[in-house]
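Structure first, then comments.
The values are calculated or read from the model by the stated rules, or taken from the named source; none is laboratory data. Values in this document were obtained by computation on a predicted structure and should not be read as measured data. Methodologically, a virtual Cβ is constructed for each residue, glycine included, from the backbone with ideal geometry; neighbour enumeration extends over all protein chains shown. Surface accessibility is based on the protein's heavy atoms, side chains included, excluding ligands, DNA and RNA. Shrake-Rupley method; radii C 1.70, N 1.55, O 1.52, S 1.80 Å.
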Amino acid sequence: MNSTSSTLNTLFHQLQSKRENTFLGGGEKKIAKHKSKGKLTARERVDLLLDHPKEAIEIGTFTAHNMYKEHGGCPSAGVVVKLGKVSNQLCVIVANDATVKAGAWFPLTGKKNLRAQEIAIENNIPIIYLVDSAGVYLPMQDEIFPDKEHFGRIFRNNAVMSAQGIPQIAAIMGSCVAGGAYLPIMSDEALIVDGTGSVFLAGSYLVKSAIGESIDNETLGGATTHCEISGVTDYKCENDEACLQQIKDLVDKMGHSPVSNFNKKEAMLPNKSLDDLESVFPEDRTKPYNMIEIIERLVDKSIFEQYKEGYGQSMLCGYARIEGWAVGIVANQRTIVKNKKGEMQMGGVIYSDAADKAARFIMNCNQKKIPLLFIHDVTGFMVGSRSEHGGIIKDGAKMVNAMSNSVVPKFSLVIGNSYGAGNYAMCGKAYDPRLMLAWPTSKIAVMSGKSAATTLLQIKLSSLKSQGKVLSEAEEKSLFDEIKDKYDEQLSPYYAAARLWVDEIILPEETRKYISTGIEAANQKVNDQPYTLGVIQT
C-alpha cells in the first residue's frame, strides 16, 4: 500500500472510529443505567422505528464534537437525528439521548433540533420527536433560552409546520419538563409511555417550593394523568416497543402530498469503483488531480455529460444520474488547464470564464427542474490585476446570484478545499443547500493554514516592531507554527461539523446514498416558486 493510500485510509478509519465512540452517547455506564429502567436507548428507538435502519442517513453525528468540555462534553449535542422511512413514508426523526446529561438542551442541541425542523419544512415531510429530556441545561440557559434561534424557536416552528400541513408526531418516552413540555403537545398527536414518560410545566420539587403542594411526579404528569384526566396526550403505551409500533401505525395511515416529479430512472452502479480512489485522489490538498475521475466514481454508469466542455475549464459542469435521479453537477477542476488563447489556469481556482459558465449552467438546471450538486475543491477566485481588470468580481457576482436564487434543490459536497468566497460561490452553508456534506479529506476556512499563518504572523511581527521588539528567526518560526497549528485545527471538517456548518461527515462510498436520499426528500415538496434573478451583472 503506498503512502497516499495509507493516509486516505487512515482518515476514513478515523471517521469510523470517531462515529463508534460518539454513538456511545454518555458512555456504557450511563447506557446500562438507562436500560435498567426498561427503556431503549435513543439509537435503539430510532432503529426500531425505521423500516430499514441501514438505508437511513444521519444528520449531525458530530454536532458539539470536542465542545463543552468544561461541562463534561455533549456527544451529538445529546440528540439523534435521522432521515429515513417509517411505514414507507420518508420522515425526519429526532430522538433525545437521555444518557447525555439526561437529554438536557445545550446551545447546539437547539441548533440541531432547528436544523431537523428546517429539513422537514424544506421538503414537506413528516417529523417524529422521541422525547426524553430534562429540558434546558441551566448552567448555559442564557445561550439557549431567549434568542430568535434558541429553544423557543422550536415551538414557533411547531405552530408554523402545523399550519403548513406538515405532520408532527411526538412520543413522550421519558422526562418532558418546563417549556419543553410544549414540543410534544404542539405536535399533531402525542403518545406517552406508561411508567417512564412524564410531562409537566413544573416537577414535584418545584411545585412544593412554589405553592406548597406535595405530589409525586407520576400523579402530577404521568401517562394515566394525561391520557385519562387532563386529556393532554392521545395514546398511552405499555412500553417503548409498543409506543414505536403505535407511531408506525399512525404514519401508515397518512396520505401523500403531490411531488415535484424530478426525473428518475432505474439506478445503476458506477462503472468505475471507489476501491482505487487513492490512485486518482491525492491526500495532499495542494496537488492537482482530475475531478472527472472522482465524478465518474459517484454517478450512475460513470456517465458525466459535460456542458461547455472546452470553455471555462477550471469549472466542470454537466449532467449525470445518482441512484437514478437526474442531477446537474458543478465541480472544481483540479488539473492545470490551458484555454484556447494558450493561457494556463490553476486547478481549484475560479476564473471569469468558469464563473460565467457555471452561472449559465445553474440557470439551465432551474429551467429544466434538475437538482444541483456542488462538489467543492476550491481555493477561491483568481486574483491580480489581469483578473480584476477582466471583471472577476462581476462574473463571480453573476454566479453567486444564479446560485443564490436557485429554486431547484441544491446539495453541497466538500471533498477537498473550500476556502473563502469559493465556498460561497459553490453553495456553502450560508446558501441553503438541502444537505451540506463533507469527506474526511475536506478543509473549510477563509484560506489555507499556511496562508493564514503567514498573514497573521506578519500582523503580529508588525505589532511587535512598533513596540520596539524584534524576534529571532527561531522565535518567528515557533510563532508561525503556533499560529498555523491553531488555524489548522479550525480547518478540520470535524470543527465545522461540531458547529453544524456541515450536516454530516461521510465516507466516499456513502455519497450516493446521502445525495439520493436528499433528492428523494426534496421530491416530496412541489416547488411553484418562479426562478428570478433580479439585477444580474453582465
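For the range 422-438 versus the range 439-460, the spacing of their alpha-carbon centroids is 19 Å. This model, with +1 at the C-beta of Lys and Arg and -1 at the C-beta of Asp and Glu, gives the range 308-429 a dipole about its Cα centre of some 240 debye. Restricting the calculation to Cα atoms, every distinct pair contributes to the Kirkwood radius of the chain, found to be 25.1 Å. Per DSSP H run of n ≥ 4, the term is -39500 (n - 2.57); total these for the chain, divide by its residue number, and report the mean residue ellipticity at 222 nm rounded to 500 deg cm²/dmol. After summing the helix terms and dividing by the residues of the chain, the value is -11000 deg cm²/dmol.
Structure note, pairs K30/K443; K369/K429; K29/K513; K308/K369; K30/K112; K33/K111: Cα-Cα distances above 24 angstrom occur for K30/K443; K29/K513; K33/K111.
Based on a Kirkwood Rh over C-alpha pairs, give the Stokes-Einstein translational diffusion coefficient of the range 305-454 at 10 °C and viscosity 1.306 mPa s in µm²/s. Rounded, D is 104 µm²/s. Across the range 92-105, computed HN-Hα scalar couplings (Karplus, 6.51 cos²θ - 1.76 cosθ + 1.60, θ = phi - 60°) run 9, 10, 10, 10, 5, 9, 6, 7, 9, 6, 6, x, 5, 8 Hz from first to last residue, x flagging Gly and Pro. Of the residues K54, K484, K265, K35, the one with the largest accessible area comes first in the ranking K54, K265, K35, K484, computed with a 1.4 Å probe on protein heavy atoms. For the range 127-172, the spread of Cα positions along the three principal axes, ordered from largest to smallest, is 36, 24, 9 Å. Ligands, DNA and RNA are left out, and with a 1.4 angstrom probe the accessible area of the chain is 45 Å² per residue. With the convex hull constructed from alpha-carbon coordinates only, the range 239-342 shows a mean projected area of 11.5 nm² over all directions.
Each of C427, I519, I392 was placed along the dipole of the chain (beta-carbon charges, centred on the mean Cα), and the one lying farthest toward the positive end is I392.
Counting protein heavy atoms only, the chain has 51 percent of its accessible area on carbon and sulfur, 1.4 angstrom probe. For the range 170-244 versus the range 321-379, the inter-centroid distance based on Cα atoms is 53 Å. Among the cysteines of the chain, C74, C91, C176, C227, C317, C365, C427 have no other cysteine beta carbon within less than 4.7 Å of their own. 3J(HN,Hα) along the range 7-14, derived from phi through the Karplus expression 6.51 cos²θ - 1.76 cosθ + 1.60 where θ = phi - 60°, amounts to 5, 4, 4, 4, 4, 5, 5, 4 Hz, with x in place of Gly and Pro.
Where in the range 191-296 are there GluC sites (Glu not before Pro) that are in a DSSP coil and have at most 15 other Cβ atoms within 10 angstrom of their Cβ? In loop regions of the range 191-296 (DSSP not H, G, I, E or B), the sparsely surrounded GluC sites (Glu not before Pro) are E213, E238, E266. Across the range 320-325, coupling constants 3J(HN,Hα) worked out from phi with the 6.51/-1.76/1.60 Karplus curve, θ = phi - 60°, read 7, 10, 10, 6, x, 6 Hz, and Gly and Pro carry x.
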